[in-house]
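Asks: Pasting a structure below so you can have a look.
The values are calculated or read from the model by the stated rules, or taken from the named source; none is laboratory data. All values derive from a computational prediction rather than experimental measurement. Please note: Cβ atoms are built from the backbone with ideal geometry, for glycine as well, and neighbour counts cover all protein chains shown. Each accessible area value is taken on the protein alone, full model and side chains, heavy atoms only, with ligands, DNA and RNA left out. Shrake-Rupley method; radii C 1.70, N 1.55, O 1.52, S 1.80 Å.
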Amino acid sequence: MDALSAIQNRRATKRFVTEPLPQDALQKLLEAAYDAPSGANRHPRQYVVVTAREDLDRLAGLHAYCTWFRSAQAALAVLGDSIKSRYWLEDCCVAAENVWLAATAIGLGVGWAAIYQSDDAQETARREDMVREILGVPGTLRVPLLLGVGYPAGAPPARKRPPLAAMVHWGRFGTADSSVTYTLS
Ligand SMILES: Cc1cc2nc3c(=O)[nH]c(=O)nc-3n(C[C@H](O)[C@H](O)[C@H](O)COP(=O)(O)O)c2cc1C
């Protein structure tokens with residue numbers, strides 16, 4: 001699959017079949033993360049690959065929006081060293097997107113489980129500490145997100161998003177087509 005097709009076909013996947021993932025598929029995803037850009041080329045990322053059912057089930061209990069880890073066959077915890085780089089968060093997110101696209105290209109589904117919440121330091125700390133406890137991550141590393149991976153069980157629901165024309169301003173802000181209406185529900 002070419003890059004544009006992977007971008008267009010990528011979806012948040014929250015239902016997976018029970019088939020385990022081959023090691024070489026996980027390796028491909030890690031290499032896609034490795035190939036991501038890094039602010040100031042500092043590469044502050046670390047990854048924990050989780051395949052033990054018991055750990056995946058524990059990760060499913062992190063919050064209400066990641067219970068789907070119960071059917072995921074693997075999780076990838078993307079960790080950032082905030083001492084090594086001020087761009088740790090961006091670096092982790094851009095690596096996560098690389099993984100998501102690579103997974104799409106090889107027929108895997110990925111779900112994103114938010115750990116970092118920019119408006120809630122307390123909830124972020126609760127989630128991070130729980131991941132640290134489950135996966136043995138040192139307190140010096142941040143845990144902005146987890147990815148759940150597996151072969152998708154069926155097609156995802158139809159995609160919902162605002163139209164591009166409502167978001168793009170050509171030349172100056174204020175030129176987007178404000179007549180475009182949309183609902184996300
Ligand atoms: C920063 C970020 C945080 C997200 N957090 C969660 C989450 O905690 N749980 C979840 O099920 N999906 C999460 N998602 C997935 C989004 O809900 C999903 O990308 C969005 O609904 C659009 O669907 P699509 O990815 O299929 O286009 C997250 C995505 C991003 C980029």
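Asks: Just the residues that are open to solvent by less than 40 Å² (accessible area, probe 1.4 Å) and away from the ligand (no atom under 16 Å from the Cβ), please, taken from region 135-163.
Replies: Those that are open to solvent by less than 40 Å² (accessible area, probe 1.4 Å) and away from the ligand (no atom under 16 Å from the Cβ): Leu135, Val137, Leu141.
Asks: Additional query: Can you confirm whether region 60-82 contains a residue that is open to solvent by 80 Å² or more (accessible area, probe 1.4 Å), in contact with a strand residue (DSSP E or B) (Cβ under 9 Å, 6 or more places away or on another chain) and aromatic (Phe, Trp, Tyr)?
Replies: yes
Asks: Does region 169-180 include one or more residues that are out of contact with any helix residue (DSSP H, G or I) (no Cβ under 8 Å at 6 or more places or on another chain), outside any loop (DSSP other than H, G, I, E, B) and either surrounded by fewer than 18 Cβ atoms within 10 Å (Cβ to Cβ) or touching a residue at least 40 places away in the same chain (Cβ under 8 Å) (or both)?
Replies: Checked region 169-180: no residue is out of contact with any helix residue (DSSP H, G or I) (no Cβ under 8 Å at 6 or more places or on another chain), outside any loop (DSSP other than H, G, I, E, B) and either surrounded by fewer than 18 Cβ atoms within 10 Å (Cβ to Cβ) or touching a residue at least 40 places away in the same chain (Cβ under 8 Å) (or both).
Asks: Of the residues that make up region 76-91, is at least one of a type in the set (Asp, Glu) and near the ligand (Cβ under 10 Å from one of its atoms)?
Replies: Within region 76-91, not a single residue is of a type in the set (Asp, Glu) and near the ligand (Cβ under 10 Å from one of its atoms).
Asks: Then there is this: I'm trying to understand the selection: among the residues of region 28-44, which are in contact with a helix residue (DSSP H, G or I) (Cβ under 7 Å, 6 or more places away or on another chain) and more than 16 Å from the ligand (Cβ to nearest atom)?
Replies: Correct list: Lys28, Leu29, Ala32, Asp35, Pro37, Ser38, Gly39, Pro44.
Asks: Hey, another quick one. So how many residues does region 13-56 have that are among the hydrophobic types (A, V, I, L, M, F, W, C) and farther than 12 Å from Val99 by Cα?
Replies: Qualifying residue count for the region: 9.
Asks: I've got another one for you. In region 40-54, which residues are in contact with a Ser or Thr (Cβ under 6 Å, 6 or more places away or on another chain) and surrounded by fewer than 16 Cβ atoms within 10 Å (Cβ to Cβ)?
Replies: Of everything in region 40-54, just one residue is in contact with a Ser or Thr (Cβ under 6 Å, 6 or more places away or on another chain) and surrounded by fewer than 16 Cβ atoms within 10 Å (Cβ to Cβ), namely Arg42.
Asks: I want to confirm something. Restricting to region 1-27 and keeping residues that are open to solvent by 100 Å² or more (accessible area, probe 1.4 Å) and closer than 22 Å to Tyr47 by Cα, which single residue is farthest from the ligand (Cβ to nearest atom)?
Replies: Among those residues, the one meeting the criterion is Gln23.
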